[in-house]
Amino acid sequence: MFSNLTHIVFADQWVLWLIPGVIVLAGLWWYFLLKKNTPSLELSSTNSFSNLKNPLKAVLKKMLPALRVMTIILLLVAMARPQTSYDESKVTTEGIDIVLAVDVSSSMLAKDFSPNRLEAAKKEATNFIDGRQHDRIGLVVFSGESFTQCPVTIDHAIVKNQLSQIKNGLLEDGTAIGMGLATAVQRLKQSPAKSKVIILMTDGVNNKGLIDPLTACDIAMQYGARVYTIGIGTNGKAMTPVAITPGGELIFDYQDVQIDEVLLKDIAKKTGGQYFRATNNNKLKEIYSQIDRLEKTKIEMSAFERKTEKFYALVFAAALLLLFEILLRYSFLRSIP
């Protein structure tokens, strides 16, 4: 990928500061010269002169000093050495393809996170996406089954929009970790990226799905996908949905937090990733920051700069103006005192 920029620079920029001084001196000289050489004559009326026009030669004679000033200004600009600076940057990016696999089972509505586990996960995932400008990102959701919410794409606005829309109840309830991981691997199967990453977050134990989590892990290893696993849930008990009323209201009660950490650690270790345990909002934020640091996009840049002198045209224009002034002064306006 190339980034080009052309602009005008001055090698001796300090010379340009002389131009305002030249203009001020020329203005003062013009003012005092006119005041000195303008005779005064008192008349009772000027009506008889109102229709008279200045002769062309007289007008041109007054322009001669202006031509000389313009010549000097052009020479000063030329002395400042204007140059076109052509900057060319060659940027090489080695983007990472990342799939976020998020558990959306009913237990993700537990209130040990603010406002609940799922919303906390969505918030931190959004912040994570904002920091991955050069990476393609996709989104998979799972509970009792799995579903691709958003294919891998560089359009992060779409990913974040799809992330904001995920909620419990989209899929059959349960925790199909193997299905979620297998679907995430499927999204990376044809990826040309050198680095493929899956961030899998769950708060439970695998109890549903047609694919065993370790089988899905083997598939991930086969395609070179590195899996970071996150167990989300406090230590001990948490206010968790246990039932739903006929009117659709969730009933909460304190339940033991059960996360299959042995399985999640095994998946992470086999694929070259890491396992993290998020027990609150701040810890979850720290985990995403740590993963962000571990998976840095490789960016290489080499810059080139080429300068071309552009003062020749200014010197030529100044010479033409000076020649024009001399021709006017000593030929056409020679008879004008």
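The values are calculated or read from the model by the stated rules, or taken from the named source; none is laboratory data. This one's a predicted model, so the numbers in the text were calculated from it and none came from an experiment. Because the Cβ atoms are built from the backbone with ideal geometry, glycine has one as well, and the counts that use them run over all protein chains shown.
Of note:
- Residue within the range 189-198 that is surrounded by 19 or more Cβ atoms within 10 Å (Cβ to Cβ), closer than 25 Å to E286 by Cα and in contact with an Asp or Glu (Cβ under 8 Å, 6 or more places away or on another chain) present: yes
Okay, residues lined up against (1) touching a Ser or Thr at 6+ places or on another chain (Cβ under 7 Å); (2) more than 20 Å from D135 (Cβ to Cβ); (3) not aromatic (F, W, Y):
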{"residue": "K237", "(1), (2), (3)": "no, yes, yes"}
{"residue": "T240", "(1), (2), (3)": "yes, yes, yes"}
{"residue": "D256", "(1), (2), (3)": "no, yes, yes"}
{"residue": "K270", "(1), (2), (3)": "no, yes, yes"}
{"residue": "Y275", "(1), (2), (3)": "yes, yes, no"}
{"residue": "D292", "(1), (2), (3)": "no, no, yes"}
{"residue": "A319", "(1), (2), (3)": "no, yes, yes"}
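- Among residues of the range 120-154 being aromatic (F, W, Y) and at pLDDT 95 or above, the one that is nearest to K285 (Cα to Cα) is F128.
- The residues on offer are K269, K237, and the sole one that is out of contact with any helix residue (DSSP H, G or I) (no Cβ under 9 Å at 6 or more places or on another chain) and within 22 Å of G224 (Cα to Cα) is K269.
- Residue count, the range 195-223 (criterion: more than 15 Å from S143 (Cα to Cα) and either part of a loop (DSSP other than H, G, I, E, B) or outside the structural domain of D135 (by TED's automatic domain parsing) (or both)): 1
- Failed condition for G169, given (1) more than 19 Å from A216 (Cα to Cα); (2) at pLDDT 95 or above: (2)
- Among the residues listed as D155, D135, the single one being surrounded by fewer than 17 Cβ atoms within 10 Å (Cβ to Cβ) and either farther than 14 Å from M108 by Cβ or of a type in the set (G, A, S) (or both): D155
- Residue in the range 282-305 that is of a type in the set (G, A, S), over 26 Å from E124 (Cβ atoms) and loosely packed, with under 14 Cβ neighbours inside 10 Å present: yes
- The strands (runs of 3 or more DSSP E) found wholly in the range 92-160 and carrying at least 2 residues that are touching a residue at least 60 places away in the same chain (Cβ under 8 Å) occupy 96-103.
- First in the range 233-254 and farther than 13 Å from L109 by Cα, second anywhere and part of a strand (DSSP E or B), Cβ under 8 Å, 6 or more apart: G236/D256; K237/Y254; K237/Q255; K237/D256; T245/I251
- Filter pass, R117 being surrounded by 15 or more Cβ atoms within 10 Å (Cβ to Cβ), of a type in the set (K, R), farther than 16 Å from I198 by Cα and touching a strand residue (DSSP E or B) at 6+ places or on another chain (Cβ under 8 Å): yes
- Residues in the range 136-154 that are among the β-branched types (V, I, T) and out of contact with any Leu (no Cβ under 8 Å at 6 or more places or on another chain): T153, I154.
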